[in-house]
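FYI, it's all coordinate maths here, none of it is from the lab. In this text, all values refer to a predicted model and were calculated from it rather than measured experimentally. Positions of Cβ are backbone-derived with ideal geometry, glycine not excepted, and every protein chain shown enters the neighbour counts.
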Amino acid sequence: MVKCSRRRLLTLALVLFVFAALTGVTSANHSWGGYHWARTANPFTLKVGNNLSSNWTTEFNTAIADWSNSSVMNLTAVAGTAGKRCKMVAGTVQVCNRTYGNNGWLGLASINITGGTHITQGSAKMNDTYFNTATYNNPNEKLHVMCQEIGHTFGWEHQSTSGASINTCMD
């Protein structure tokens, strides 16, 4: 049996703790399956179609402006062309709202890919079935879901799955 001093054990424990902490930081990845838009320049410019009713204007404009604060992304709001079914349009993200029913989701993002990981088009749907209720019909809930679903169309996953708030729209 090897004798170790208490000081050596504490040092070893500290080294292991620091290694584990740094490994967690360096491997942090909030990518959704590795999906991303193929881009050739920074910032990447992407058209986002507004297919929303007027009661979503503020949240849409705020989410577009917030995501455009990134140094690698420039979103341009354009008139939507997705129609009632929120059909995806190549090279764009289409954002829609409708009463999609009591199906368990407030918002739903969808993407199409090519080459295994490159996003070619996306849609973000806001479910008014829930947003027409007192629980969710408030600016904070609407903005959070709008921002998150648009973020998913860029290939971002949730940052927190525990339910803890980390003050981003992707938690």
Report summary line: N137 and W105 label points (each 7 Å along its Cα→Cβ direction) are spaced in nm at 2.4
Query raised in the report: For D128, what charge total do you get from the other residues with a beta carbon under 11 Å from its beta carbon, if Lys and Arg give +1 and Asp and Glu give -1?
Result: +3
Query raised in the report: How do 38-45, 56-63 rank on mean C-beta neighbours within 10 Å, highest first?
Result: 56-63, 38-45
Report summary line: Over all Cα pairs of region 36-152, the Kirkwood radius sets Rh, and Rg/Rh then becomes 0.96
Requested in this report: Describe numerically, in nm with one decimal, the distance between label points set 7 Å from Cα along Cα→Cβ at K47 and at T62.
Outcome: 2.7
Query raised in the report: Considering the dipole of region 36-152 built from charges on the beta carbon (Lys and Arg +1, Asp and Glu -1) around the Cα centre, which of G116, A77, P43 is farthest to its positive end?
Result: G116
Requested in this report: Would you mind putting 146-152, 104-110 in packing order, based on average other-beta-carbon counts within 10 Å, highest first?
Outcome: 146-152, 104-110
Query raised in the report: Does a label point 7 Å from the Cα of N55, set along Cα-to-beta-carbon, have any residues of region 103-130 with amide nitrogen under 19 Å, and which are they?
Result: 103-108, 125-130
